[in-house]
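Structure record follows, encoded as structure tokens.
The values are calculated or read from the model by the stated rules, or taken from the named source; none is laboratory data. Every value quoted in this text rests on a predicted model; they were computed, and no experiment measured them. Positions of Cβ are backbone-derived with ideal geometry, glycine not excepted, and every protein chain shown enters the neighbour counts. The area values use the complete protein model at the heavy-atom level, side chains included, leaving out ligands, DNA and RNA. Shrake-Rupley method; radii C 1.70, N 1.55, O 1.52, S 1.80 Å.
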Amino acid sequence: MLLAIETSCDDTCAAVLDGPRALSNVISSQAAAHAGFGGVVPEVAARRHLELVEPVVEAALAEAGASLDDVEAVAVTAGPGLIGALLVGLSAAKAIAAARRLPLIPVDHLQGHVAANFLEPEPLDPPFLCLIASGGHTLLAAVRDREGYETLGQTLDDAAGEALDKSARLLGLGYPGGPAIQREAEGGDPEAFEMPVAMARDPGLDFSFSGLKTALAYRCRELGPEGVAARRADLAASFQAAVVAQLVAKLRRALRRGGWEAVALGGGVAANGPLRDAVARLCEEHGVRLKLVPPALCTDNAAMIGSAARFAPRIPYPDYLDYDAFASGEGPGDGRVVGARPARAH
Ligand code: KG4
Ligand code: ZN
């Protein structure tokens, strides 16, 4: 069995896996601790991880009916993410592994989002096209094997989730912003306000969300606080529709280039209902298979990290004791972390 730990942002997560099956997947969300700030406070996140990581690991083992005696390797997110938060999970994983002379498997967080699709039930086999949209990243990944992916396009500025979180704050909605906007949008008209669908004429596969966020800020300024309050649902619906439209447009463009028979989604924004519906329609149009993991496997969790770890190199004890977390980029580049490969020119 594998024990997996994920602490890259504001969720303290641990899971136990038996092959492609997650026997447990415990997530302790810190959302309440950060809500008052309208976003994640890195120091607060690190401190909360420190308090939560032990009980969360214990809960994951208990739920799986397992003990540390059953664990043959420990998987952990090494990056990218908040460095202080990552270090808590990495240190805990190292300590658990070292105490029992077990190997450690460092995992790239984004590869984790891809690998959520390899989990039971109905695991998806590569090749497939994977749209990853989260609070920190937005990219189109060409997944040709289980060890990594190639980035076909990515955001040039904000991530989709980041734009949703910041816009939710503008609209006076809670944190995290994605689910709050989705809820608010249910009572609104997505065509009430015209929002720019950025990059629509750009022939590439990159994304951009900062203009959209600015457009919303202008609408809010024009409307004033009372106007915003009166039109909140329409603003949320229009903004969400524009985010979805851009994500779907790029996915469509990638599909038109041909060669794909399956599409998957990953990252917190992939939990978004209207996005899931729009991608389902797109896949039907193109006659490709769509794999949608449950929302709980889209947002950060440790089962996806364990899933990626099954196809990643194991570092034997004690070689990992000086292994470092990385905040951004593609890891230390020594081949010991699965994840993104250099983008190919397109
Ligand atoms: O993957 P994730 O849990 O953490 C990162 O790696 O960033 O993604 C978090 C992001 C947040 O921006 C949150 O607002 C967004 O995912 N999100 C959603 C939904 N649930 C979470 N966005 C839109 N609709 C949702 N239902
Ligand atoms: Zn994530």
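Tabulated results
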| quantity | calculated |
| --- | --- |
| Of all residues in region 42-84 being open to solvent by 40 Å² or more (accessible area, probe 1.4 Å) and part of a loop (DSSP other than H, G, I, E, B), the one that is farthest from PRO313 (Cα to Cα) | GLY65 |
| Residue that is within 16 Å of ligand 1 (Cβ to nearest atom), touching a residue at least 12 places away in the same chain (Cβ under 8 Å) and not in a loop (DSSP other than H, G, I, E, B), where the choices are ALA217, ALA242 | ALA242 |
| Filter pass, GLU72 being acidic (Asp, Glu) and farther than 25 Å from SER328 by Cβ | yes |
| Evaluation of ASP158 against (1) farther than 25 Å from ARG256 by Cβ; (2) away from ligand 2 (no atom under 16 Å from the Cβ); (3) surrounded by fewer than 23 Cβ atoms within 10 Å (Cβ to Cβ) (one fails), failing number | (2) |
| Subset of region 137-177 that is within 12 Å of ligand 1 (Cβ to nearest atom) and of a type in the set (Asp, Glu) - its residue that is nearest to ARG232 (Cα to Cα) | ASP165 |
| Among the candidates ALA116, ALA133, residue that is in contact with a Cys (Cβ under 8 Å, 6 or more places away or on another chain), modelled with pLDDT of 95 or more and within 16 Å of ligand 1 (Cβ to nearest atom) | ALA116 |
| Close pairs (6 angstrom Cβ cut-off, 6 or more residues apart or separate chains): more than 12 Å from GLY267 (Cβ to Cβ) in region 113-127, part of a helix (DSSP H, G or I) and modelled with pLDDT of 95 or more anywhere | ALA115/MET304; ALA115/SER307; ALA115/ALA308; PHE118/SER307; LEU119/SER307; LEU124/ASN117 |
| Subset tally (residues that are within 14 Å of ligand 1 (Cβ to nearest atom) and either small (Gly, Ala, Ser) or part of a loop (DSSP other than H, G, I, E, B) (or both)) for region 246-263 | 0 |
| Residues being over 14 Å from ALA4 (Cα atoms), open to solvent by less than 30 Å² (accessible area, probe 1.4 Å) and within 10 Å of ligand 1 (Cβ to nearest atom) - total across region 298-315 | 1 |
| Only one of GLU162, GLU120 that is within 29 Å of ARG253 (Cα to Cα) and of a type outside the set (Lys, Arg) | GLU162 |
| THR151, sole failed condition from (1) open to solvent by less than 30 Å² (accessible area, probe 1.4 Å); (2) part of a loop (DSSP other than H, G, I, E, B); (3) within 16 Å of ligand 2 (Cβ to nearest atom) | (2) |
| Selection within region 165-182 - in a helix (DSSP H, G or I), more than 14 Å from ligand 2 (Cβ to nearest atom) and under 18 Å from the mean Cα position of the chain (by Cα) | LYS166, GLY177, PRO179, ALA180, ILE181, GLN182 |
| Residue in region 31-46 that is away from ligand 2 (no atom under 15 Å from the Cβ), without any contact (Cβ under 8 Å) to a residue 40 or more places away in the chain and of a type in the set (Asp, Glu) present | no |
| Region 269-292 residues that are more than 17 Å from ALA168 (Cβ to Cβ) and outside any helix (DSSP H, G or I), paired with ones that are basic (Lys, Arg) and open to solvent by 20 Å² or more (accessible area, probe 1.4 Å) (beta carbon under 6 Å, 6 or more apart) | LEU292/ARG276 |
| Scope region 225-239; condition within 16 Å of ligand 1 (Cβ to nearest atom) and in contact (Cβ under 8 Å) with a residue 60 or more places away in the chain; matching residues | LEU235, ALA236, PHE239 |
